[in-house]
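The values are calculated or read from the model by the stated rules, or taken from the named source; none is laboratory data. Here the structure is a predicted model, which means the values were calculated and not measured. Every residue, glycine among them, receives a Cβ derived from its backbone with ideal geometry; neighbour counts consider all protein chains shown. Accessible surface is based on the protein model in full, side chains and every heavy atom, while ligands, DNA and RNA are left aside. Shrake-Rupley method; radii C 1.70, N 1.55, O 1.52, S 1.80 Å.
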Amino acid sequence: MFRKLLVVIACASLLAFAADDPVAAIKKKDGELQTLLKKSSRNAKETERVKSLLNDSFDFELLAKKSLSANDWKAQDEASQQKFVAEFQRMVRNSSAKRLELYRADSTIYEPAKMKKNGEEANVVAHLWNGGKESVLEYKMSQVNGNWKAWDLVIDDLSTARNYKDQFTQILKTKSFAELIDIISKKADEAEK
């Protein structure tokens, strides 16, 4: 009886640890995503599932915030920040769902997570192989409500957050923040088609 109890406690501990492990969080989403990507065509429900997996995997609020300079972010009122985050999320979600074919993998190897800041932030590197060609993805992650979420994805040394930050900085040199939101909204609409 005592031995069974120890086995149950050990299994529960392993499951709890896996839930708290950033590599396990990525593997779980990637496994389902790769299954969907390997299909020659996806129906509308499967495409929506791809978008949901993206939503569940990313901290869009932090990614949106990091895609602007600190001064540009702080200069906005809370309503403008929220609108920016919502439209930014919609744009990334819609455009990423279409470009994911580039990240189809025959196999993936994950390095152990590199933990930061008292275990609340982590970097996870994944090596993807497709047709003999390797791509390296680095997930920059933080804990959000007890779940690991990526706030940046570095693909072969190209940072998603830095790329958006460069683009948005250029736009804000000649346009207002409201105009930037309109541009993002239009890109989200185009990607939805």
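Suppose we keep only residues that are touching a strand residue (DSSP E or B) at 6+ places or on another chain (Cβ under 9 Å) and over 18 Å from ASN130 (Cα atoms) within region 4-45. Which one would you say is modelled with the lowest pLDDT?
The residue in question is ALA19.
Residues are listed down the side, and each one gets a yes or a no for (1) free of Cβ contacts under 8 Å to residues at least 40 places away in the same chain; (2) of a type in the set (A, V, I, L, M, F, W, C):
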site	(1), (2)
THR47	no, no
LYS51	no, no
LEU54	no, yes
GLU61	yes, no
LYS74	yes, no
ASP77	yes, no
GLN81	yes, no
ALA86	yes, yes
ARG90	no, no
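Helices (runs of 4 or more DSSP H) wholly in region 32-98 with at least 1 residues that are open to solvent by less than 40 Å² (accessible area, probe 1.4 Å), hydroxyl-bearing (Ser, Thr, Tyr) and more than 21 Å from PHE177 (Cβ to Cβ) - which ones? Steps first, please.
Details: elements: 44-57, 60-66, 70-74.
Of the helices (runs of 4 or more DSSP H) lying wholly inside region 32-98, those with at least 1 residues that are open to solvent by less than 40 Å² (accessible area, probe 1.4 Å), hydroxyl-bearing (Ser, Thr, Tyr) and more than 21 Å from PHE177 (Cβ to Cβ) span 44-57.
Six or more apart or on different chains, Cβ atoms under 6 Å: show the pairs whose first residue is in region 109-137 and under 20 Å from THR160 (Cα atoms) and whose second is at pLDDT below 90 and outside any strand (DSSP E or B).
Hits for this filter: VAL124/ILE26; LEU128/ALA105; SER135/ASP156; VAL136/ASP156.
Of a type in the set (Ser, Thr, Tyr), farther than 21 Å from TYR164 by Cα and at pLDDT below 85, is that true of SER52? Please lay out each step first, then the result.
Numbers: of a type in the set (Ser, Thr, Tyr): yes; farther than 21 Å from TYR164 by Cα: yes; at pLDDT below 85: yes.
So SER52 passes the test.
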